[in-house]
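Shown next, in structure tokens, is the structure this report addresses.
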Amino acid sequence: MYALARCSLPRRAVGLLSPVNAVHGTFTRSRLLSTLAILEQRDGQLNQGSLNAFAAAKQLGGTVHGLVAGSNVSAAAQEAAKVEGVEQIIKVDSSAYEKGLPETYAPLLVENIKKGKYTHVVAGHTAFGKNLLPRVAALLDCQQISDITAIENDKTFVRPIYAGNAIATVESSDSVKVITIRSTAFAAVTPGSGSAAVVDGVDPKADPSAEWVSEDLAKSDRPDLGTASKVVSGGRGLKSKDDFDKVMLPLADALGAAVGASRAAVDSGYADNSLQVGQTGKVVAPELYMAVGISGAIQHLAGMKDSKVIAAINKDADAPIFQVADVGLVGDLFEKVPELTEKLKSS
């Protein structure tokens with residue numbers, strides 16, 4: 001895989017194609033393309049955010065299949081089969097894959113990729129995808145292309161680097177392109193009137209080298225941070241966990257928003273690391289993103305700068321967050337946020 005340099009020089013002529021031959025060549029190539037989208041599930045319920053992988057797969061052209069594995073995944077597979085433009089859903093019903101341990105999940109994927117002779121494998125750039133696909137790429141002896149935001153053609157992709165301060169266009173010559181996508185860059189798809197066939201996949205029954213012990217999940221009635229249309233995030237300016245909860249949670253409830261946090265707030269113990277937004281956290285692009293007490297470091301901006309409307313509250317008028325904000329309020333957050341919350345409740 002190598003980076004392509006963009007320039008304005010005339011394109012070198014490689015050969016002449018008549019319009020008919022050019023169309024025929026494009027049609028033949030797209031007919032040979034086949035993409036496997038990796039879907040996530042929990043407790044048999046399909047993760048709707050993982051369906052964005054279908055959006056990227058459709059842009060690549062050719063046939064589109066999906067794969068879901070875990071315990072009692074028949075319902076999840078049937079739901080995914082309703083996505084229009086998808087020809088087949090591969091399901092592997094086994095408790096060995098329920099928690100998505102990459103040590104067992106990667107061999108499963110490799111066997112099904114080889115059987116289907118897929119040219120592309122696509123998954124979300126989530127904790128699941130980032131943990132799993134590098135192993136798959138290694139087993140297939142190819143290079144992974146991570147966190148892409150655009151597809152130029154079946155082997156040329158666009159991805160941000162340096163916390164989004166530069167954009168790289170890369171081309172892969174690998175026979176199988178293993179790709180993770182930034183879900184906010186591809187329009188969400190929803191199950192509709194599709195009628196894909198649901199088939200059983202190959203289960204290699206690999207000997208597990210790791211064992212799932214336990215998990216401690218934080219449960220909330222608020223929207224999921226990764227898919228919410230409104231997000232309110234707090235930063236170091238909130239000073240403590242008690243202040244974070246006292247200021248941010250009522251605001252989130254008044255707006256019907258998900259709660260996020262900067263890395264500084266998470267490192268200081270104000271919020272759980274599952275709420276972190278930024279380069280090393282979640283990447284979100286809601287309709288409204290409200291940053292409270294967040295200075296606006298480039299690492300944080302990398303996780304939210306694609307939001308439709310950005311509002312910021314900070315006492316420092318020179319804070320970098322105001323350079324990207326659509327609406328800014330300079331003032332003491334401990335006064336302004338409770339005042340805003342009360343007005344939202346009364347309206």
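The values are calculated or read from the model by the stated rules, or taken from the named source; none is laboratory data. All of these numbers come straight from a predicted model, not from anything done at the bench. All Cβ positions, glycine included, derive from the backbone under ideal geometry; neighbour counts span all protein chains shown. Each accessible area value is taken on the protein alone, full model and side chains, heavy atoms only, with ligands, DNA and RNA left out. Shrake-Rupley method; radii C 1.70, N 1.55, O 1.52, S 1.80 Å.
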Here, LEU32 and LYS117, labelled 7 Å along Cα→Cβ, have an inter-label distance in nm of 1.1
Output row, site ASP141, 7 Å Cα→C-beta label point, backbone N cut-off 19 Å, window region 74-112, residues 107-112
Percent of all Cα-Cα pairs per 20 Å bin for the chain, counting from 0 up to the last occupied bin, reads 28, 51, 20, 1
Given GluC sites (Glu not before Pro), DSSP loops and at most 16 other Cβ atoms within 10 Å, the longest exposed-site-free stretch of the chain is 88-210
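Give me the extension gain from GLN78 to ILE298: residue separation times 0.36 nm, minus the current Cα-Cα distance, reported in nm with one decimal. Show your work: numbers first, answer last.
On the way: separation 220, 0.36 × 220 = 79.20 nm, distance 4.13 nm.
Going from the current span to full extension adds 75.1 nm.
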For LYS177, the aspartates and glutamates lying under 18 Å Cα to Cα, once residues fewer than eight places off in the same chain are dropped, come out as GLU111, ASP141, ASP147, GLU152, ASP154
With every protein chain in place, the accessible area of ASP154 for a 1.4 Å probe, in Å² rounded to the nearest 10, comes to 30
LYS239 and LYS205 label points (each 7 Å along its Cα→Cβ direction) are spaced in nm at 6.2
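Have a look at the DSSP beta bridges in the chain and tell me what percent are antiparallel, nearest 5.
Working: 13 of 59 bridges.
Antiparallel: roughly 20 percent of the beta bridges in the chain.
Run the dipole for region 100-160 about the Cα centre, Lys and Arg Cβ at +1, Asp and Glu Cβ at -1, nothing else charged, and hand back the magnitude in debye, nearest 20. Before the final figure, lay out each step's value.
Values: 7 positive and 6 negative charges, 19 e Å.
Using only the charged Cβ atoms, the result is roughly 100 debye.
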In debye to the nearest 20, the charge dipole size for the chain, taken about the Cα centre with +1 at each Lys and Arg Cβ and -1 at each Asp and Glu Cβ, equals 1160
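What pairs from LYS82/LYS345; LYS308/LYS336; LYS219/LYS246; LYS219/LYS305; LYS114/LYS308; LYS91/LYS308 go past 29 Å between their alpha carbons? It would help to have the intermediate numbers written out before the result.
On the way: LYS82/LYS345 39 Å; LYS308/LYS336 23 Å; LYS219/LYS246 18 Å; LYS219/LYS305 27 Å; LYS114/LYS308 40 Å; LYS91/LYS308 36 Å.
Correct reply: LYS82/LYS345; LYS114/LYS308; LYS91/LYS308.
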Sorting SER172, ALA96, ALA261 by the position of each Cα along the dipole of the chain (Lys, Arg +1; Asp, Glu -1; all at Cβ), the one nearest the positive end of that ordering is SER172
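Based on the Cβ-Cβ distance of SER94 and THR280, what FRET efficiency does E = 1/(1 + (r/R0)^6) give at R0 = 35 Å, to the nearest 0.05?
Numbers: r = 32 Å, r/R0 = 0.92.
Computed FRET efficiency for SER94 and THR280 comes out at 0.60.
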With -39,500 (n - 2.57) per DSSP H segment of 4 or more residues and division by the full residue count of the chain, the 222 nm estimate, nearest 500 deg cm²/dmol, is -8500 deg cm²/dmol
Short to long, in 5 Å steps from zero, the percent of alpha-carbon pairs of region 141-208 per bin is 3, 12, 17, 15, 15, 16, 12, 7, 2
Extension length gain for GLU87 and GLU342 (0.36 nm per residue less Cα distance), in nm, is 86.7 nm
If amide H atoms are modeled at 1.01 Å from N in the peptide plane, then the residues at a separation of 5 or more from GLN41, or on another chain, having amide H under 5 Å from its own are ASN47
Ignoring ligands and nucleic acids, THR126 exposes an accessible area, probe 1.4 Å, in Å² to the nearest 10, of 50
Length gained, ASN165-LYS246, 0.36 nm per residue minus C-alpha separation, equals 25.7 nm
Here, chymotrypsin sites (Phe, Trp or Tyr not before Pro) of region 139-245 satisfying both criteria (DSSP loop; at most 12 other Cβ within 10 Å) are TYR162
